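The values are calculated or read from the model by the stated rules, or taken from the named source; none is laboratory data. A quick note: this is a predicted structure, and the numbers were derived from the prediction, not measured. Counting neighbours? That spans all protein chains shown, and the Cβs are built from the backbone with ideal geometry, glycine included.
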Amino acid sequence: MITRSPNLLQRTDTTEPIALSRGWQAQLRQAIRDPRELLARVGLDASWLPGAEAGHALFEVRVPEAYLTRIRPGDPKDPLLRQVLPLDAEARAVPGFVDDPLAEAEHTPRRGLIHKYPGRVLLITSPACAINCRYCFRRHFPYAENSPSREQWQASLDYLRDDPSIQEAILSGGDPLASSDKRLAWLVERLGDIGHLKRLRIHTRLPVVIPDRVDDALLAWLTTTRLQTVMVLHINHPREIDAAVIEACARLKTAGVTLLNQSVLLRGVNDDVETLAELSEALFDAGMLPYYLHVLDPVSGAAHFDVPDADAVALHRQLRDRVAGFLLPRLVREVPGERSKTPL
Ligand code: SF4
């Protein structure tokens, strides 16, 4: 549990205050990137270190302070910790789990631009994330080759301008909101100049893991674009939604942004009906509609999170019996080559 005061977060389960800089960029810079430090902060002993270092060598650890404060200390099964703690299981090769599970390399007509589905195009807007989720399907994505420069964005804008069938630009990453507001405002202004574009969609986890990201500078460009704005957040467990996330969502709603959420079904995190029902309720309370519940993309290093399809379908059925229809996310899989997500 945390309470907020102007310049620091105070854990209510310890007497020790944790200083938290208010600026999101400083929080991003200060995120934990050392497995030893992560273990110390979450109260796990040295027996976890070899595994954590093995996983970290494959995909570096990254956890911002604002997320860390929501993790229950001393509990290796904490569902929030499980999402960020590197394990030696990540080094195990499992048949069917590959580096590019969605074959995105085949749908990249320009560097940093993915055109898989009709009518919408995805721009890799930032190579960085504020948090490194161990199950991420882009954990092996060649960001160095797709890291966007101003020239590259210009080429992407030309691509969008030349195809009148494209109605929606999706900013993705990494996390697009890891880019500066100056760069994002530049890009969004030019997207708004493309007459056939109707919508701007932003896929981000930043308002969840560093809620201070939703500041005045962000709201300034979000509210001045003529495009309809949709933000798809990424929350997997109800405990990720604390008072600061609720406040960030309220600011986005007030700015006229449509808020949706997508979750990934993850073993040991949210693979029970109680948690999923609580998540749907908590999302709606905070102003988000549960949009998708994805089964895990088979990316190498994440097989220990996999929930078999039969279990996923059974869980979804139980959830349907528990929550109102509009709180039921669609259970989907992304299949390479398909023109839309595939319902299970
Ligand atoms: S925030 Fe999203 S893109 Fe970044 S590591 Fe997590 S799941 Fe992957």
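When segment 8-22 is examined, which residues are found to be at pLDDT 55 or above and surrounded by 14 or more Cβ atoms within 10 Å (Cβ to Cβ)?
Step one: of segment 8-22, the residues at pLDDT 55 or above are 19-22.
Across segment 8-22, the qualifying residues are LEU20, SER21.
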Unique residue being within 16 Å of the ligand (Cβ to nearest atom) and among the small types (Gly, Ala, Ser) when the list is ALA93, ALA128, ALA46: ALA128
Cβ pairs under 8 Å, 6+ apart, first in segment 108-128 and assigned to a strand (DSSP E or B), second at pLDDT 85 or above and aromatic (Phe, Trp, Tyr): ARG110/TYR159; LEU113/TYR159; VAL121/TYR159; LEU123/TRP153
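Before we move on, is GLN228 touching a residue at least 12 places away in the same chain (Cβ under 8 Å), of a type in the set (S, T, N, Q) and not assigned by TED's automatic domain parsing to the domain that holds ARG72?
Details: touching a residue at least 12 places away in the same chain (Cβ under 8 Å): yes; of a type in the set (S, T, N, Q): yes; not assigned by TED's automatic domain parsing to the domain that holds ARG72: yes.
Yes: the conditions hold for GLN228.
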Test set (1) surrounded by 15 or more Cβ atoms within 10 Å (Cβ to Cβ); (2) away from the ligand (no atom under 16 Å from the Cβ); (3) not β-branched (Val, Ile, Thr) - GLY256 fails condition number: (1)
Any hit, segment 79-88, residues being more than 18 Å from the chain's Cα centre (by Cα), surrounded by 18 or more Cβ atoms within 10 Å (Cβ to Cβ) and either in a loop (DSSP other than H, G, I, E, B) or among the hydrophobic types (A, V, I, L, M, F, W, C) (or both): yes
Near pairs, Cβ below 8 angstrom, 6+ apart or cross-chain, from segment 161-189 (under 13 Å from LEU28 (Cβ atoms) and assigned by TED's automatic domain parsing to the domain that holds PRO148) to any residue that is part of a helix (DSSP H, G or I) and within 16 Å of the ligand (Cβ to nearest atom): GLY174/TYR143; ASP175/LEU206; LEU177/LEU206; LEU177/PRO207; LEU177/ARG213; ALA178/LEU28; ALA178/LEU206
Number of the condition not met by LEU177 [criteria: (1) out of contact with any helix residue (DSSP H, G or I) (no Cβ under 6 Å at 6 or more places or on another chain); (2) buried (at least 16 other Cβ atoms within 10 Å of the Cβ)]: (1)
